[in-house]
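J.: My questions will all concern the structure given below.
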Amino acid sequence: MINTGAEPEALAAYGADKGHFDVLYECTGVAAALAGGIAALRPRGIILQLGLGGDMTLPMMAITAKELELRGSFRFHPEFAVGVGLMQKRLIDVRPLITHTVSLDQAETAFRLASDRSQAMKAQIVFSG
């Protein structure tokens with residue numbers, strides 16, 4: 001996993017020769033992460049925007065020049081159940097994305113952390129001991 005928050009130039013090498021990847025899953029909602037990912041995409045690649053950080057400026061010149069396809073996905077449609085099922089079966093591991101685990105009695109703290117991208121990527125509330 002590449003964390004461009006910790007290493008902003010980590011994708012730079014993948015941008016050589018018109019890009020390296022065919023698909024970008026952008027899960028943060030941070031414009032800088034999206035721009036870095038777009039530079040690493042090959043022409044005719046697909047961007048799947050999952051993160052919701054609010055409206056952001058898109059690098060339309062790069063999207064158009066590379067003929068990229070931009071798709072959005074929201075977490076409360078049928079694919080949410082599929083994702084939960086994959087996690088339950090341990091076919092995908094989301095643990096590296098969880099930056100904070102907070103007990104239920106500290107739920108308000110978890111929501112504050114989750115809303116501050118400078119402190120947390122994903123805050124998890126634990127409902128049992």
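Just so you know, all these numbers are worked out from the coordinates, no wet-lab data involved. No experiment lies behind these values; they were computed from the predicted model shown. Positions of Cβ are generated from backbone atoms using ideal geometry, with glycine treated the same way; all protein chains shown enter the neighbour counts.
J.: In degrees from 0 to 90, rounded to the nearest 10, what is the angle of the helix 79-88 Cα long axis to the longest principal axis of the chain?
T.: The helix 79-88 is inclined about 60 degrees to the chain.
J.: Grab the other residues whose beta carbon is less than 9 angstrom from that of Asp22, score K and R as +1, D and E as -1, and report the net.
T.: Details: positive: Arg42, Arg44; negative: none.
Value of the local net charge: +2.
J.: Using alpha-carbon pairs under 8 Å, 6+ residues apart, how would you state the relative contact order of the chain in percent? Before the final figure, lay out the partial values.
T.: Details: 178 pairs, mean separation 21.0, N = 129.
Relative contact order for the chain comes out at 16 percent.
J.: Mind sorting out which of [x] 47, 47, 25; [y] 48, 41, 25; [z] 51, 30, 25 is the real Cα extents along the principal axes in Å computed from the coordinates?
T.: So the structure-derived entry is [z].
J.: Right, another one. Which of these, Ile46, Ile63, Ile92, has the largest mean-square fluctuation under a Gaussian network model of the chain (Cα springs below 10 Å)?
T.: Ile92
J.: If you count, for each residue, the other Cβ atoms within 10 Å and average over each peptide, how do 20-29, 81-90, 48-57 line up from highest to lowest?
T.: Values: 20-29: 16.1, 81-90: 10.2, 48-57: 12.9.
Ranking, from highest mean packing down: 20-29, 48-57, 81-90.
J.: If you don't mind, another one. Below 8 Å between Cα atoms, with a sequence gap of 6+, how large is the relative contact order for region 89-129 in percent? Before the final figure, lay out the partial values.
T.: Values: 46 pairs, mean separation 18.5, N = 41.
RCO, region 89-129: 45 percent.
J.: Same structure again: What FRET efficiency would be calculated for the residue pair Ile125, Leu70, taking the C-beta separation as r and a Förster radius of 35 Å, to the nearest 0.05?
T.: Values: r = 32 Å, r/R0 = 0.91.
Working from the Cβ atoms, E equals 0.65.
J.: If you don't mind, another one. Based on the mean of other beta carbon atoms within 10 Å per residue, what is the order of 5-17, 30-42, most packed first? Let's see the in-between values first.
T.: Working: 5-17: 12.3, 30-42: 19.6.
Top of the packing list down: 30-42, 5-17.
J.: Moving on to the next point. As a test of the formula, what do you get for the chain when each DSSP H run with n ≥ 4 contributes -39,500 (n - 2.57) and the sum is divided by the residue count, at 222 nm and rounded to the nearest 500 deg cm²/dmol?
T.: Details: 4 runs with 33 residues, N = 129.
Per the formula, -7000 deg cm²/dmol.
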